[in-house]
1. Take the residues in the stretch 168-199 that are of a type in the set (D, E, K, R) and surrounded by 19 or more Cβ atoms within 10 Å (Cβ to Cβ); name whichever of them is nearest to the chain's Cα centre (by Cα).
2. Please name all residue pairs, on different chains or six or more residues apart, with Cβ atoms under 7 Å, provided the first residue is in the stretch 21-38 and is without any contact (Cβ under 8 Å) to a residue 60 or more places away in the chain and the second residue is assigned to a loop (DSSP other than H, G, I, E, B) and exposed (fewer than 15 other Cβ atoms within 10 Å of the Cβ).
3. Looking at (1) more than 17 Å from G261 (Cβ to Cβ); (2) in contact with an Asp or Glu (Cβ under 9 Å, 6 or more places away or on another chain); (3) part of a helix (DSSP H, G or I), can you tell me which one N113 breaks?
4. Of all residues in the stretch 297-308 being farther than 17 Å from S320 by Cα and surrounded by 12 or more Cβ atoms within 10 Å (Cβ to Cβ), which is modelled with the lowest pLDDT?
5. Do we find a residue being closer than 18 Å to V159 by Cα and among the hydrophobic types (A, V, I, L, M, F, W, C) anywhere in the stretch 236-250?
6. May I ask you to list the residues in the stretch 277-296 that are within 26 Å of L219 (Cβ to Cβ), surrounded by 20 or more Cβ atoms within 10 Å (Cβ to Cβ) and touching a residue at least 40 places away in the same chain (Cβ under 8 Å)?
7. Any idea which residue in the stretch 206-226 is modelled with the lowest pLDDT, counting only those that are closer than 14 Å to E161 by Cα and either surrounded by 17 or more Cβ atoms within 10 Å (Cβ to Cβ) or β-branched (V, I, T) (or both)?
Amino acid sequence: MHKQIQNLAHKILELNPEPIPKYLILRDILEKDPKQLTELKKQVLQSKWVIDILDEQRENGSWGRFHSQNTKLKQKYVTTEVALHRCAVMGLAKQDLPIQKAIDYMEKVLQGNIVWEDGREKSEAWDAGVAVITASTLAEWCPNHSLVLPIRMMWQDIVKESFENSQYNPSLEVAAQQKYHHISSDFYYIGSLYAVRLLSTGKNEKEKQFSRDFEKVYLKWLWTRESGMGYVSQNRLADLPVEVTYKSIRSKLKALELLAGFSSTSSICQDFIQWLWNNREEDGLWDFGPKGAEKIELPLSENTRYKINRKIDYSVRILSILHKVITNQ
């Protein structure tokens, strides 16, 4: 499939895509040297979508609240974590000044020098939640950051201690969470977006990685559990879509993106990957209709009134995810 993905990427380039999708194709799929893409990156930074989001960034590097929306404020990007993910989707990198400011903000949170603007909840697990959410967001930019590594290693241990004989046991997770976070209340989080992103990003020879067999156990549990993945889907991810719409695949695609860093994802999620591949248009691209844009993962092109730009956006997103899955297998 790797060659087919590259062929489709070249086909999209022939359609003269706008700066953001073009940059993502060249950087992420065809893997051109970022230094060769300097002029195109300037166009990305001057695009409507990037200017739009950076206009709302505060001096401290955040976009206000980190995780919970302040409904009293009218913001296009409701939290810092949402804004940062949108920046990553559009091709910004840790070397870009706005992202450097955001990284500095997250470092200060993890070091205990500042706190989120979100109102502190009464939950005993609040500090544990802040740490894993902040660390997993930072890991999207700096996978092997020195502040991320110890948190990731701790969560690897929590996940491993939550399984017995290849079966997830909720009481074991509660015990592990209480042990490592020094809390007495129940806390279930290894099936959440944040734990998954933290564990799937970055490889470091000094870290204790999951064995290949255990990784498969964890991924199979995530992909087949009836309650889905926390903050992504409330339904079983392994069930194939019943209709070819972006609404029906969005959560599964998001989950696949989060799992792409694991080496076992290609085999565990093979049925959905094949479903995606089989549901392309006759020209080889994807089109899920005009109602797909949700202002986070999509759109990439500025002018979405044209059907071809919409198809390019869908296709670049899917190809980028599939390329990462195949590369890491």
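1. In this case the residue turns out to be R197.
2. Here the result reads L26/K32, each pair linking the stretch 21-38 to a residue that is assigned to a loop (DSSP other than H, G, I, E, B) and exposed (fewer than 15 other Cβ atoms within 10 Å of the Cβ).
3. (3)
4. Here the answer is T304.
5. No, there is no match, as no residue in the stretch 236-250 is closer than 18 Å to V159 by Cα and among the hydrophobic types (A, V, I, L, M, F, W, C).
6. Once the filter is applied, which keeps residues that are within 26 Å of L219 (Cβ to Cβ), surrounded by 20 or more Cβ atoms within 10 Å (Cβ to Cβ) and touching a residue at least 40 places away in the same chain (Cβ under 8 Å), the stretch 277-296 yields only F288.
7. Once the filter is applied, the top-ranked residue is F210.
The values are calculated or read from the model by the stated rules, or taken from the named source; none is laboratory data. Bear in mind the structure is a predicted one, so any value in this text is a computation, not a measurement. Every residue, glycine as well, gets a Cβ built from its backbone with ideal geometry; the counts of neighbours run over all protein chains shown.
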